[in-house]
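Input: a single structure, listed below in structure tokens.
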Ligand SMILES: NC(=O)c1ccc[n+]([C@@H]2O[C@H](COP(=O)([O-])OP(=O)(O)OC[C@H]3O[C@@H](n4cnc5c(N)ncnc54)[C@H](OP(=O)(O)O)[C@@H]3O)[C@@H](O)[C@H]2O)c1
């Protein structure tokens, strides 16, 4: 089995390189790939030629324009990458009858209410980023290729910068930290998403009775706010005897933390469909975050 993976250097792409390896040969491309192959989602001709050259059995797209706030001031670029790119991948997958695995976001929903969003709820993105991701999802679904679109939230990875590392750095320098307490979601590890992705791909490509194509929610179990997430990170660090200067973590409202892009308040995603269709258990978000803090402190 040959897998074409796009976005190899991102949080998720990095973990997918590991998780997909046991499934087959993984051709992993980044934004600036070399050797005549193109991994730039904004380069339609290059993408089509690359897919023809690689002739994959599965395309996995972890690449995206993810600069949520910057997207508000450069919507054309965000649309080209998040909507145009997936449309090209889906058209190629449909023409070849191969699977496309793609990732999407809680930002396609408007964050109203407190019930976890289900896959059949009407999306209504609040930000340019959310709109571009939704148009990408719709383009894939309209193409009719065999596809899985996994909507996730609050993604973190041990590699590179992440919320936990930022909290630890701030907590080492400041006595008081202010954290948004009215946005609720589930921090979800890129390692978990990658491992579940591999499980799903194995099911749909090898199981004659595979669950239906389409959108699935994939997040860790449980829910939290950025405020409680930060407190858990600090508590964990204290358990590991890290010197913490911060004495107070102060809960604030989103209104007090103005950003160019509006974030949904309710980012809860209902994962019932994924768990029942693919018979998997999703661990509580705390398990992954505790492990993340441990890894940061060991590095
Ligand atoms: N991060 C989150 O909290 C979150 C939440 C919900 C859903 N998601 C979705 O999950 C998926 C993976 O996100 P992530 O957290 O792994 O994001 P990430 O770490 O920002 O990785 C995205 C990757 O895409 C690459 N990229 C940017 N523009 C590109 C282009 N034109 N062509 C090809 N590659 C391009 C980036 O390259 P450079 O680094 O060189 O720019 C980066 O390696 C995305 O679909 C995202 O929308 C993420």
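Read-outs throughout are calculated quantities, based only on the coordinates presented, and are distinct from any laboratory measurement. Keep in mind that what you see is a predicted model, and the values were worked out from it rather than measured. In this analysis, Cβ positions are derived from the backbone assuming ideal geometry, glycine residues included, and neighbour counts consider all displayed protein chains.
Counting only residues that are away from the ligand (no atom under 12 Å from the Cβ), outside any strand (DSSP E or B) and either on the phi > 0 side of the Ramachandran plot or touching a helix residue (DSSP H, G or I) at 6+ places or on another chain (Cβ under 8 Å) (or both), how many does segment 53-82 have?
Taking segment 53-82 first, the residues away from the ligand (no atom under 12 Å from the Cβ) are 53-59, 69, 72-73, 75-76.
Checking the rest, the ones that are also outside any strand (DSSP E or B) come to 53-57, 69, 72-73, 75-76.
Still in the running and either on the phi > 0 side of the Ramachandran plot or touching a helix residue (DSSP H, G or I) at 6+ places or on another chain (Cβ under 8 Å) (or both): 55, 57, 72, 75.
Looking only at that region, the number is 4.
For segment 106-116, indicate whether the set of residues that are within 13 Å of the ligand (Cβ to nearest atom), assigned to a strand (DSSP E or B) and within 30 Å of residue 235 (Cβ to Cβ) is non-empty.
Scanning segment 106-116 turns up no residue that is within 13 Å of the ligand (Cβ to nearest atom), assigned to a strand (DSSP E or B) and within 30 Å of residue 235 (Cβ to Cβ).
For segment 235-282, name all the residues that are in a strand (DSSP E or B) and within 20 Å of residue 148 (Cα to Cα). Step through it out loud before you land on a result.
Here is the first cut: in segment 235-282, the residues in a strand (DSSP E or B) are 248-252, 266, 269.
Residue satisfying the conditions is 269 alone.
So which residues in segment 4-25 are more than 9 Å from the ligand (Cβ to nearest atom), in contact with a strand residue (DSSP E or B) (Cβ under 7 Å, 6 or more places away or on another chain) and without any contact (Cβ under 8 Å) to a residue 60 or more places away in the chain, if there are any at all?
4, 5, 17, 24, 25
Of the conditions (1) in contact (Cβ under 8 Å) with a residue 40 or more places away in the chain; (2) within 11 Å of the ligand (Cβ to nearest atom); (3) surrounded by 22 or more Cβ atoms within 10 Å (Cβ to Cβ); (4) part of a loop (DSSP other than H, G, I, E, B), residue 42 satisfies every one except a single condition; which number is it?
(3)
Here are the criteria: (1) within 14 Å of the ligand (Cβ to nearest atom); (2) at negative phi; (3) touching a residue at least 40 places away in the same chain (Cβ under 8 Å). Tell me which single one residue 28 does not satisfy.
Result: residue 28 fails condition (3) only.
From the residues in segment 149-183 that are under 21 Å from the mean Cα position of the chain (by Cα) and part of a strand (DSSP E or B), which one is farthest from the ligand (Cβ to nearest atom)?
Ranking the candidates gives 180 first.
Considering segment 126-145 alone, what residues qualify as being in contact with a strand residue (DSSP E or B) (Cβ under 9 Å, 6 or more places away or on another chain) and either under 13 Å from residue 81 (Cα atoms) or within 14 Å of the ligand (Cβ to nearest atom) (or both)?
Initially, segment 126-145 is screened for residues in contact with a strand residue (DSSP E or B) (Cβ under 9 Å, 6 or more places away or on another chain), giving 129-130, 133-134, 136-137, 140-141, 143, 145.
129, 130, 133, 134, 136, 137, 140 - these are the residues of segment 126-145 that are in contact with a strand residue (DSSP E or B) (Cβ under 9 Å, 6 or more places away or on another chain) and either under 13 Å from residue 81 (Cα atoms) or within 14 Å of the ligand (Cβ to nearest atom) (or both).
Scanning segment 205-222 for residues that are surrounded by fewer than 19 Cβ atoms within 10 Å (Cβ to Cβ) and in contact (Cβ under 8 Å) with a residue 24 or more places away in the chain, which turns out farthest from residue 24 (Cα to Cα)?
Within segment 205-222, the subset surrounded by fewer than 19 Cβ atoms within 10 Å (Cβ to Cβ) is 205-214, 221-222.
Now narrow it down to the ones that are in contact (Cβ under 8 Å) with a residue 24 or more places away in the chain: 205, 211-214, 221-222.
Working: 205: 12, 211: 21, 212: 23, 213: 21, 214: 23, 221: 29, 222: 33 Å.
Here the residue is 222.
Between a residue in segment 61-72 that is over 18 Å from residue 8 (Cβ atoms) and any residue that is near the ligand (Cβ under 6 Å from one of its atoms), which pairs come within a Cβ distance under 7 Å, given they are 6 or more apart or on different chains?
Final answer for the pair search is 71/65.
Can you pull out the residues in segment 74-97 that are surrounded by fewer than 18 Cβ atoms within 10 Å (Cβ to Cβ) and touching a strand residue (DSSP E or B) at 6+ places or on another chain (Cβ under 6 Å)?
Once the filter is applied, which keeps residues that are surrounded by fewer than 18 Cβ atoms within 10 Å (Cβ to Cβ) and touching a strand residue (DSSP E or B) at 6+ places or on another chain (Cβ under 6 Å), segment 74-97 yields nothing.
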